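First the structure, in the form of structure tokens, and then the observations on it.
The values are calculated or read from the model by the stated rules, or taken from the named source; none is laboratory data. Every value quoted in this text rests on a predicted model; they were computed, and no experiment measured them. Neighbour counts run over all protein chains shown; Cβ positions are idealised from the backbone, glycine included. Just so you know, the surface numbers come from the protein's heavy atoms only, side chains and all, with ligands and any DNA or RNA stripped out. Shrake-Rupley method; radii C 1.70, N 1.55, O 1.52, S 1.80 Å.
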4 protein chains.
Amino acid sequence: MDALVIHAPGDLRVEQIDTPDLLPHQLQVRVRAGGICGSDLHYFQHGGFGTVRIKEPMVLGHEVAGSIEDVGAAAQGFAVGERIAISPSRPCGLCRFCQLGQQNHCLDMRYYGSAMRMPHVQGAFRQRIVCETSQAHKLADHVSDGEGSMAEPLSVALHAVNRAGPLLGKRVLVTGCGPIGALVVIAARRAGATQIVVTDMASQPLRAAMKVGADQAINIVEQPDALGAFSADKGQFDVHFEASGNARALLSGFDVLRPRGVLMLVGLGGDITLPMNTIVAKEFDVRGAFRFHAEFAVAVELLNKRLVDVKPLISATLPYRDAGRAFALAADRSQAMKVLLSFD
Amino acid sequence: MDALVIHAPGDLRVEQIDTPDLLPHQLQVRVRAGGICGSDLHYFQHGGFGTVRIKEPMVLGHEVAGSIEDVGAAAQGFAVGERIAISPSRPCGLCRFCQLGQQNHCLDMRYYGSAMRMPHVQGAFRQRIVCETSQAHKLADHVSDGEGSMAEPLSVALHAVNRAGPLLGKRVLVTGCGPIGALVVIAARRAGATQIVVTDMASQPLRAAMKVGADQAINIVEQPDALGAFSADKGQFDVHFEASGNARALLSGFDVLRPRGVLMLVGLGGDITLPMNTIVAKEFDVRGAFRFHAEFAVAVELLNKRLVDVKPLISATLPYRDAGRAFALAADRSQAMKVLLSFD
Amino acid sequence: MDALVIHAPGDLRVEQIDTPDLLPHQLQVRVRAGGICGSDLHYFQHGGFGTVRIKEPMVLGHEVAGSIEDVGAAAQGFAVGERIAISPSRPCGLCRFCQLGQQNHCLDMRYYGSAMRMPHVQGAFRQRIVCETSQAHKLADHVSDGEGSMAEPLSVALHAVNRAGPLLGKRVLVTGCGPIGALVVIAARRAGATQIVVTDMASQPLRAAMKVGADQAINIVEQPDALGAFSADKGQFDVHFEASGNARALLSGFDVLRPRGVLMLVGLGGDITLPMNTIVAKEFDVRGAFRFHAEFAVAVELLNKRLVDVKPLISATLPYRDAGRAFALAADRSQAMKVLLSFD
Amino acid sequence: MDALVIHAPGDLRVEQIDTPDLLPHQLQVRVRAGGICGSDLHYFQHGGFGTVRIKEPMVLGHEVAGSIEDVGAAAQGFAVGERIAISPSRPCGLCRFCQLGQQNHCLDMRYYGSAMRMPHVQGAFRQRIVCETSQAHKLADHVSDGEGSMAEPLSVALHAVNRAGPLLGKRVLVTGCGPIGALVVIAARRAGATQIVVTDMASQPLRAAMKVGADQAINIVEQPDALGAFSADKGQFDVHFEASGNARALLSGFDVLRPRGVLMLVGLGGDITLPMNTIVAKEFDVRGAFRFHAEFAVAVELLNKRLVDVKPLISATLPYRDAGRAFALAADRSQAMKVLLSFD
């Protein structure tokens, strides 16, 4: 079968790889759709991020959905033909963090398409994959494969929202409206936020964020002072989700986030210089959010029950053989939010 | 009466000021002891900190205890001769934050000896002061005036511990063992922390921290790698209290603080460059702690019931007329923890 | 002007009362719509509930909306003609609980139409009322007076949901589908609950609950064992909202609420005998929810932004002169959810 | 070797049982001391409690300490001769609750000396036992075997305190001063409670509670109205630990527990009739606490570091051959707190 294998920055190849053996407790899945994530882009453009670097050829991809082709002899509760979203996360279940219910910090995590460990964990941009039943989440008929593949980034957004604490009736700022920022808008609204303001440097992502429920969009290039309207009484926002990785965006919240407000850092970023005096004097609560665990099942349930709608964020679906074009489109913020690959 | 008035950096004078009028609901207090705080030192040495600057002469001091000399006609529950610690904090009671129980963020706060607002709030390094009954907390006979004056910095430490969440059975790192760091050791132990490791660049503060209950002291100049012993399994500490204001000290916790660990920022600091990737990937919770509110009453109760002992942290008590010498001593970390002024 | 005054059980009269004077910081409001609450019914049918009894004639009503007729000289931010929902709650702002942000426990609470204190606090079923600006919340044009009057019971539901902790992705059981139970369904869905099962002894309330978002309705008379489907693995629900005041309904959750689950008690009830062994062994968290505070503003904002829809719960609107018929209808669970009075 | 086997109410026999085989990852332990728990007494006096009944002969006992006699070939970190406290709790590690870090709700729990499942889990009142290394916690030299055996009930108290939320500066009521109530006093003080009031119907337990740190003891037979002193402002206690299993004791807290106060139910009890109106109107938080998990390691660490002292609660140590006398003494609240068996 075919797979998308990254060899070096810019060197992404369609290659033949073997179909894996199906163990008794596993499922064999015909992958149908896969979303291109920011980390896929980083591997493609730069060979990795931070200290995580490609050291051997690796199949990319961790946002996929498909249909079950074969069910292992001991795998219960699944049938051939059922459509599923696949969680890319396989924690060990036994380590200190798994036993605390903090599986995203597993000491022996295997996560599709990640070069964090050596050998790398091969990814899911391939025609066929085997997975554990614990990774498989059934999709309702009305949820397309493409929407199903978005369960993964939606899980990331849901995890960030869970980490932020209850949002019912809260006022929320989201800086950075890429796919994750926009999904945070969806998740925050679903969790009951009453006011959601988004900022970005580009218009297309802001429009997308408005489509999925934001109340107000601010283009910080065109309206550099617009956030100032929220600075009364030491700040009007209860929670600031920072999803741009940009220092200026992060700091733009300091005047408008209320004392005791929560600054959620979503998605990775580099070194940023912070005014500690403000964090102290306003008693901010700066929290990281990394991946997810229980949220994957919630994401699929929200999609299945039409409690969220991610369709407005799907910009395009391209065949996997056009991966180069798809990755270029995914990197172009003026045109695209989420770009999907089709493995049909 | 006499007061210690700061006019400019280095220019601290003993001056005569008027005894204030006693309003019906107030107490007149003969100040007996006052502790020199880091912020007093900043006013003395640099004329302020960050954007807070002395713009007019200001009586310094906010850590004081004394005895009641006169009781306003409408002031209930207090009698002449009673000894009290005085909270320097007078929130308005009416603003958005007071009505949320977050009085330390009061929009109209009056805090003794602070140049944050103009005109400045005059401080408590004086022989006589009037205060509201809500600021007055009775001291048990066995608690000295000097110990009573430490209710204020102890409140700061208690507030930081409260902000950190429950500590029973937790492992705690404290970087920076000045008076606040050492009081955090006391407060963390009182709250049930089972392991407390402290670091500093100087030996005297480390010795003091051990005296008040730390389990292990690390001089990071002499033992730069000693913290590495706590890095197993992504980090062994549950909470890191950063009380040094130093970037290296702050970052020293990143390898030894466990995922989902709490990094409490105690005391002010300048700009610090942080690796956001680590905060995200380990899902740290970086929280500021600023002043206190309900903790002042708790501090006095802990002192009164002998549930904490702050005496080992009192390095010296000097007459207020020797303020210059006292301030110099307070600034010398090789010799002094808390230095008190006597107003007898 | 006219008011609805309760004198004794069954003795509810339309009476002329004086229009109150408008103080400078107050608003005078022409009441348009008022909802009949369970406590109004209790006063009407039984003269009160528990130890709370009518001891003097009292205007009933605390769920009202109307339009501003006059604005006090010192009242800012409001104009004649604006339509508002009025919060019936007037905490003192000064007591221990107000200063903790727990205003619903105010030691000197004034709550419209309540016989809890003597003299009673007169209610809002009247043509004109004066209120503080802090009680007034502006309604969007598309929100009818009737919907506006439902801000109050919606606030009760929101408060219960807030007390229950974050609901995003949670499974929820609601026993009792009167107006409060149905509003809890709305609030729980708004807060992100993924599964909401409701039970009642009557069909009409169950139908109403389904209309506002419940996933499954169980008539416990017709399907006494249906909840058993949720008992696997010690229980499948994360939160049980008990809104029936009925012992059997409360206990029906014990087998299906998961260990560490939250049992929210919403609305008053009498003595109930509980198996403490189960609460202990499953470590339930049984919490009371009483009235609201900040939730009123949130309720109005949710209505204004169409983030909730309470219209399906309004069964009928009758003129206040037909109060007898309206109260009879409100008491008939086979016919009515919320019954409104019109004061036009 | 000898073991204490319960056959029926009142029929407790010293019997010879086989020494179990040591598996590679296990430890063989020479049991030295064992504490008699309330549940042991229930099995002895009544054959069980609630629906839990002895259906086959069962070795009693789950509070033990001893010294390692043999170390399995694959068991790491332990050596022959080391003294340990043994946690009686062996969760499966794999079920839904174990993977949530809520191991005390394990769907496949094995707990020493418990008739909850069939076949019963045999207990630890025996001369030799094998256990997993995860159950073994090393004791410091200064901690006696008897104190070590108290790690188990101390864990129960610590778990209750953890469930109650942070106690630093809090006011605490403990009703019922048996061993668990008294250990709650110790744990609450260790966690920073500033005021601890205890009640009981007997004088001996109250004296014991005072010895381990309670501030005030109330004999509710002799001083039935004394708690009334704490009813001001809707109640002065922040947390009420109910450790008597008695309805009157539970209800005695309703007037003195503040709104939003926590009522912790510690230890099992039967059916109790509660005034739901009060739980609702005061928004109590009634929480069960059942056994423990991570707290066992904390208990041993607190003992090892002398951060708690349980010695005042050990009333007597008798040879296991005098079990009948020991159980009679343990049941006599006028004489005994914790009674230990020696297995030397």
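Couple of notes before you dig in:
- The residues of the stretch B:157-288 expose on average 30 square angstrom of accessible surface per residue, using a 1.4 Å probe on protein heavy atoms.
- Label spacing, shortest first and in nm, from A:Asp70 to its equivalents in the remaining copies (7 angstrom along Cα→Cβ): 4.7, 8.5, 9.5
- Lys/Arg +1, Asp/Glu -1 at C-beta; the stretch D:157-288 dipole; positive extreme among D:Met264, D:His159, D:Ala247: D:His159
- Charge-dipole axis of chain C as Lys and Arg at +1 and Asp and Glu at -1 on Cβ define it, positive-most pick from C:Gly235, C:Leu22, C:Cys37: C:Gly235
- Other protein chain Cβ atoms within 10 Å, averaged over every residue that makes up B:73-85: 0
- Residue-level result for chain A: its Cβ closest to the axis carrying A onto C, with that distance in Å, is A:Pro166, 2.
- Proximal lysines to A:Lys138, defined as alpha-carbon separation beneath 29 angstrom and excluding residues fewer than eight positions away on the same chain: A:Lys211, A:Lys305, A:Lys311, A:Lys338, C:Lys170, C:Lys211, C:Lys234
- Taking the stretch B:51-74 and a reference point 7 angstrom along Cα→Cβ of B:Leu23, the backbone N atoms nearer than 14 Å belong to B:72-74.
- All other residues whose Cβ lies under 12 angstrom from that of D:Pro153 are scored, Lys and Arg at +1 and Asp and Glu at -1, for a net of -3.
- Calculated label separations, D:Ile17, copies of the chain, 7 Å along the beta-carbon direction, nm: 5.3, 7.3, 7.6
- Label geometry 7 Å along the beta-carbon vector: B:Ala316 inter-copy distances in nm: 6.1, 7.4, 8.6
- Placing pseudo-labels 7 Å out from each Cα toward the beta carbon at D:Ala202 and A:Ser67 gives an inter-label distance of 7.2 nm.
- From largest to smallest, the equivalent ellipsoid semi-axes obtained for the stretch A:1-156 from the alpha-carbon gyration tensor read 24, 19, 15 Å.
- Packing, as the average of other Cβ atoms within 10 Å across residues, places the peptides D:79-89, A:195-205 in the order A:195-205, D:79-89, highest first.
- If a spin label sat at a point 7 angstrom from the Cα of A:Arg248 along the line to its beta carbon, the backbone N atoms of the stretch A:205-225 nearer than 11 Å would be those of A:220-225.
- Test item: B:298-309 mean partner chain Cβ contacts at 10 Å: 2
- Pair C:Arg321, A:Ala8: separation of 7 Å Cα→Cβ label points (nm): 9.2
- A:His62 sits among other residues whose Cβ lies under 12 Å from its own Cβ, and their net charge, with Lys and Arg +1 and Asp and Glu -1, is +1.
- Total charge dipole magnitude, the protein assembly as shown, about the Cα centre, Cβ charges on Lys, Arg, Asp, Glu only, Debye to nearest 20: 0
- Phi-based couplings in Hz for the stretch D:303-308 (Karplus 6.51, -1.76, 1.60; Gly and Pro marked x): 5, 4, 8, 6, 7, 9
- Taking label points 7 Å from Cα along the Cα-to-Cβ direction, A:Asp108 and A:His46 give a separation of 3.2 nm.
- Cβ-placed point charges (K, R +1; D, E -1), dipole of the stretch D:157-288 about Cα centre in debye, nearest 20: 420
- R0 of 22 Å, Cβ-Cβ distance B:Asp332-B:Lys138: FRET efficiency to nearest 0.05: 0.05
- Residues A:Ala74 and C:Ser231, FRET efficiency given R0 of 22 Å [Cβ-Cβ distance, rounded to 0.05]: 0.25
- Gyration tensor (alpha-carbon) shape descriptor, the stretch B:67-163, a/c threshold 1.5: prolate
- For chain C: rounded, prolate or oblate by the Cα gyration tensor [a/c cutoff 1.5]: prolate
- Dipole of chain D, positive end: most advanced residue of D:Leu168, D:Val310, D:Phe290 [Cβ charges, Cα centre]: D:Leu168
- Total accessible surface hidden between A and B, rounded to 100 Å², 1.4 Å probe: 3800
- Check: chain A dipole with +1 on Lys, Arg Cβ and -1 on Asp, Glu Cβ, in debye: 540
- Shielding by other protein chains, B:158-169, mean Cβ within 10 Å: 5
- Net +/- balance of residues flanking D:Leu139 in space, Cβ distance below 11 Å, scoring K and R +1, D and E -1: -2
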